[in-house]
Amino acid sequence: MQDTALIDVRNVKKVYHVGSVDVNALRGVDLKIDSGDICSIIGRSGSGKSTLLNVLAGLEQVTSGEIVISGKHLERMTQGELIVFRQRHIGFIFQSFNLMPYYTALENVALPLSFRGVPKAARLKRAEQMLEVVGLESHKAHKPSELSGGQQQRVGIARALVTNPEIVFADEPTGNLDSNTSDEVMRVIIDILREQGKTLVMVTHDVHIAAFGDKVISLLDGRITDIKINSEARSIDISNIREAEVQ
Amino acid sequence: MSITDMLSTAFLNLWRRKMRAFLTVLGMVIGVASIVVMVSLGIGIKQATIESFAGTGSLTTIRVNSWSYVSNGNGGGSSRQKELNKKAVGEIKKIPGVQAVMPLVETYGMIKSGNYMTDASILGVTAEQAKEFGITLSEGELPEAGGTNTYEIVLGAWSLGNFYNPDSGRQAVDKNGNPRISKDSRMLLTFDYRNVYKNQVVISMPSSDGTAQEEKPLAEMYKLKVTGIMDENNNDFSYYCLMDVAQLEKLAKANKDYVQYDSSKYNTVLVKCRNIEDVKTVKNAIQDMGYGTYSLQDAVEMAEESTKNVQYLLGAIGGVALLVAAIGIMNTMMMSIFERTKEIGIIKVLGCRIDNIAGLFLTESAYIGLFGGALGLGLSFGISLLLNQLLASSGLRSIIPAYLAFGAVGFSIIVAFAAGMYPAIRAMKLSPLAAIRNE
């Protein structure tokens with residue numbers, strides 16, 4: 001095939017069976033995302049955006065269609081293979097941070113490395129570097145309960161990037177944060193990913209947050225309605241967008 | 001995940017719920033202790049039975065008789081005799097597993113000391129045989145060939161106390177009940193009762209030609225030198241007096257008018273096997289030669305068979321407690337998995353392999369088994385100690401051999417592992433989507 005897209009989604013459908021009723025969450029989605037893209041998926045609740053993210057990250061099986069990431073067909077993989085795939089290629093940032101409450105910030109960041117069998121000393125060193133990147137090196141010994149929401153999400157970002165993945169998926173990464181902290185956290189995410197040339201696929205219902213992406217994909221009722229290329233995104237000024245929205 | 005990470009993570013997961021982990025371990029402790037104590041009592045019963053047999057002889061000794069019983073296959077049978085001679089003894093010696101063979105060269109005589117006498121069953125042995133068959137003395141040394149006029153003898157364990165006056169029938173003991181005869185007393189050996197019962201009227205039976213038996217001259221009296229006393233713990237042998245086998249044969253031949261003795265054949269031959277395991281094959285080989293055999297092992301085997309059922313029963317009673325504990329583990333692990341559904345989802349999203357997830361939960365259960373087993377074993381040793389003191393008088397004993405101790409801990413880990421299997425599979429199957437849901 002001639003296309004070299006990192007993520008290639010072909011006519012993906014997802015049907016949930018709720019009792020005797022079939023709910024069509026995705027009704028045939030085609031999408032290509034290139035390596036290095038910062039990509040936002042926006043839509044109302046029920047639009048299927050979360051489902052799209054889940055199937056892209058291999059957390060859910062599609063009903064039909066194909067998902068090819070780095071040349072591998074996700075829809076053909078078993079759960080075990082999907083986990084190994086995630087281990088190698090994917091980082092994940094959650095809305096509710098999902099840090100382990102009994103581990104320190106440092107241990108939380110090091111956790112994905114332990115699943116890859118990295119020895120303790122090496123993974124703690126790498127985790128420390130990542131905490132430095134997100135600006136939390138002074139908080140490495142803190143438990144999540146001792147950190148603010150923004151700080152917790154920064155730990156989450158460090159954790160998502162510690163394994164050096166090609167693609168980072170983010171599910172409403174600022175959903176539990178106030179607007180000032182949201183901007184701060186988005187800056188951290190975008191800056192690091194741009195610098196490292198990684199691909200981001202982010203789901204949000206917030207237009208303002210979506211505008212951080214180079215590519216903004218709008219979803220409605222399980223179909224893509226619009227793909228906007230945001231050429232200014234790379235030098236975007238948040239205050240301008242906010243004003244634009246107000247007007 | 002590396003093994004050390006797995007072990008430490010699983011341990012921390014348990015540690016986070018100390019109380020629950022403690023209670024689950026406690027259940028396992030009780031389960032393991034109950035099974036170990038029950039089985040230890042069973043082993044105690046078996047041991048006591050074997051020892052009660054072993055007290056009557058050596059377990060590696062086979063008694064070979066010239067008489068044997070031949071079953072004809074329909075419940076009946078007949079006895080047959082095959083001569084046990086020196087040639088047969090030589091053949092038995094060649095059977096693999098045989099350590100030593102000792103024909104029972106024994107005869108009956110009387111030992112006289114002053115006015116007192118005692119009856120003596122005298123066994124002829126060599127120093128080598130005595131050693132092989134574990135014949136031990138409480139004092140002194142084994143008899144040697146000795147001189148021509150003096151014969152060396154080892155007295156039976158109770159011989160000194162058995163002297164009595166043949167005329168009055170009084171025991172040769174002083175007021176305090178101690179024997180008057182000591183091993184240093186002068187002693188004479190004879191095989192002719194007339195040397196001892198001199199003052200009694202001998203009822204003479206007329207012989208066919210009308211002459212009285214008394215015409216037979218009095219048999220000789222032999223000077224004895226006591227070299228030692230038999231040990232009371234010699235089982236079969238304690239009662240015997242010992243003499244050198246060549247000396248005894250010589251005396252028996254010289255007195256063949258008074259003792260029935262045929263040096264060409266034996267009634268009984270004792271065979272000592274190298275190991276307890278050899279007894280069966282040696283026995284079979286001897287039986288194939290046409291002789292009758294008897295060994296304590298036969299009795300011990302029967303006793304083992306009969307105590308086996310008791311052991312099974314005791315083990316089963318203990319097993320019930322362990323089963324309840326295993327269900328407790330399963331319950332704990334299931335609860336733990338339900339509580340940690342989200343956590344399991346998160347680590348799945350973060351790339352924890354499903355076999356690692358199963359491994360984590362199995363390790364947790366195995367820890368419960370390990371701690372439960374180890375603490376349970378400690379408790380068992382305590383209970384066993386206590387029982388042995390309380391039951392000392394009743395003869396019941398609790399014995400925890402090494403194999404039971406290690407077996408109990410190993411078994412408890414396996415049981416815990418098995419109990420953790422289903423919860424672990426459940427954990428493997430949990431959806432990673434649980435991590436995404438926002439409660």
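Only a single criterion out of (1) modelled with pLDDT of 90 or more; (2) in a loop (DSSP other than H, G, I, E, B); (3) away from chain B (no Cβ under 12 Å) is not satisfied by A:ARG44, namely (1).
The residues listed here are A:PHE85, A:PHE97, A:PHE92; of these, the one that is within 14 Å of another protein chain (Cβ to nearest Cβ), of a type outside the set (Val, Ile, Thr) and on the phi > 0 side of the Ramachandran plot is A:PHE97. Taking (1) out of contact with any Phe, Trp or Tyr (no Cβ under 8 Å at 6 or more places or on another chain); (2) modelled with pLDDT under 90; (3) within 14 Å of chain B (Cβ to nearest Cβ) in turn, A:VAL55 satisfies each apart from (2).
Results for (1) outside the structural domain of B:VAL409 (by TED's automatic domain parsing); (2) at positive phi; (3) of a type in the set (A, V, I, L, M); (4) at pLDDT below 90, shown as yes or no for each residue.
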residue: B:ASN284; (1), (2), (3), (4): yes, no, no, yes
residue: B:GLY292; (1), (2), (3), (4): yes, no, no, yes
residue: B:GLY318; (1), (2), (3), (4): no, no, no, yes
residue: B:MET333; (1), (2), (3), (4): no, no, yes, no
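Taking the conditions exactly as written (of a type in the set (Val, Ile, Thr) and more than 29 Å from the chain's Cα centre (by Cα)), does B:ILE30 satisfy them or not? Yes, satisfied.
Scanning the range B:50-90 for residues that are surrounded by 13 or more Cβ atoms within 10 Å (Cβ to Cβ) and either among the aromatic types (Phe, Trp, Tyr) or at pLDDT 80 or above (or both) yields a total of 14.
Filtered by the rule that a residue be among the aliphatic types (A, V, I, L, M), within 18 Å of B:GLY319 (Cβ to Cβ) and in contact with a Leu (Cβ under 6 Å, 6 or more places away or on another chain), the range B:1-38 gives B:VAL29, B:ALA33, B:ILE35, B:MET38. Scanning the range A:118-142 for residues that are outside any helix (DSSP H, G or I) and out of contact with any helix residue (DSSP H, G or I) (no Cβ under 8 Å at 6 or more places or on another chain) turns up just one, A:PRO119. Taking the listed residues A:GLU184, A:GLU172, the one that is buried (at least 19 other Cβ atoms within 10 Å of the Cβ), in contact (Cβ under 8 Å) with a residue 12 or more places away in the chain and acidic (Asp, Glu) is A:GLU172, with no other qualifying. Report yes if some residue within the range B:357-377 is among the small types (Gly, Ala, Ser) and within 14 Å of another protein chain (Cβ to nearest Cβ); otherwise report no. There is at least one residue in the range B:357-377 that is among the small types (Gly, Ala, Ser) and within 14 Å of another protein chain (Cβ to nearest Cβ). Residues that are over 23 Å from A:ALA210 (Cα atoms), outside any loop (DSSP other than H, G, I, E, B) and over 20 Å from the mean Cα position of the chain (by Cα) are absent from the range A:85-99.
Of all residues in the range A:120-169, exactly one satisfies the criterion of being surrounded by fewer than 20 Cβ atoms within 10 Å (Cβ to Cβ), in contact with a Pro (Cβ under 8 Å, 6 or more places away or on another chain) and charged (D, E, K, R), namely A:LYS143. Just so you know, in the range B:160-184 the residues that are modelled with pLDDT under 85 and of a type in the set (Ser, Thr, Tyr) include one that is nearest to the chain's Cα centre (by Cα), and it is B:SER182.
Consider the range B:124-183 and keep the residues that are assigned to a loop (DSSP other than H, G, I, E, B) and of a type in the set (Asp, Glu). The one that is nearest to B:MET230 (Cα to Cα) is B:GLU141.
Any residue in the range A:70-82 that is part of a helix (DSSP H, G or I), away from chain B (no Cβ under 14 Å) and either touching a residue at least 40 places away in the same chain (Cβ under 8 Å) or over 24 Å from A:LEU220 (Cβ atoms) (or both)? There is at least one residue in the range A:70-82 that is part of a helix (DSSP H, G or I), away from chain B (no Cβ under 14 Å) and either touching a residue at least 40 places away in the same chain (Cβ under 8 Å) or over 24 Å from A:LEU220 (Cβ atoms) (or both).
The condition of being without any contact (Cβ under 8 Å) to a residue 40 or more places away in the chain, over 30 Å from A:ASN164 (Cβ atoms) and touching a helix residue (DSSP H, G or I) at 6+ places or on another chain (Cβ under 8 Å) holds for only one of B:ALA299, B:ALA366, B:ALA303, B:ALA374, that being B:ALA374.
Just checking, does the range B:398-405 include any residue being buried (at least 19 other Cβ atoms within 10 Å of the Cβ) and either in contact with a Phe, Trp or Tyr (Cβ under 6 Å, 6 or more places away or on another chain) or outside any helix (DSSP H, G or I) (or both)? For the range B:398-405, residues buried (at least 19 other Cβ atoms within 10 Å of the Cβ) and either in contact with a Phe, Trp or Tyr (Cβ under 6 Å, 6 or more places away or on another chain) or outside any helix (DSSP H, G or I) (or both): present. One residue stands out in the range B:225-248 among those that are modelled with pLDDT of 85 or more and among the charged types (D, E, K, R): the one that is surrounded by the most Cβ atoms within 10 Å (Cβ to Cβ), namely B:ASP244. Just a yes or no: is a residue in the range B:302-324 away from every other protein chain (no Cβ under 14 Å), under 30 Å from B:ALA88 (Cα atoms) and surrounded by fewer than 20 Cβ atoms within 10 Å (Cβ to Cβ)? Yes, the range B:302-324 contains a residue that is away from every other protein chain (no Cβ under 14 Å), under 30 Å from B:ALA88 (Cα atoms) and surrounded by fewer than 20 Cβ atoms within 10 Å (Cβ to Cβ). For the range B:329-349, filtering for residues that are within 11 Å of chain A (Cβ to nearest Cβ) and either in contact with a Leu (Cβ under 6 Å, 6 or more places away or on another chain) or of a type in the set (D, E, K, R) (or both) leaves 4.
Within the range A:100-120, the set of residues being without any contact (Cβ under 8 Å) to a residue 40 or more places away in the chain and within 12 Å of chain B (Cβ to nearest Cβ) comprises A:GLU107, A:SER114, A:PHE115, A:GLY117, A:VAL118, A:PRO119, A:LYS120. Would you confirm, using the coordinates I've provided, whether B:GLY134 is touching a residue at least 40 places away in the same chain (Cβ under 8 Å), under 32 Å from the mean Cα position of the chain (by Cα) and within 16 Å of B:SER238 (Cβ to Cβ)? Answer is yes for this residue. Here no helices (runs of 4 or more DSSP H) wholly within the range B:1-94 include at least 1 residues being at positive phi.
The values are calculated or read from the model by the stated rules, or taken from the named source; none is laboratory data. Computed from a prediction, not measured in an experiment: that's the story for all the values here. Glycine gets a Cβ as well: all are built from the backbone with ideal geometry, and neighbour counts include every protein chain shown.
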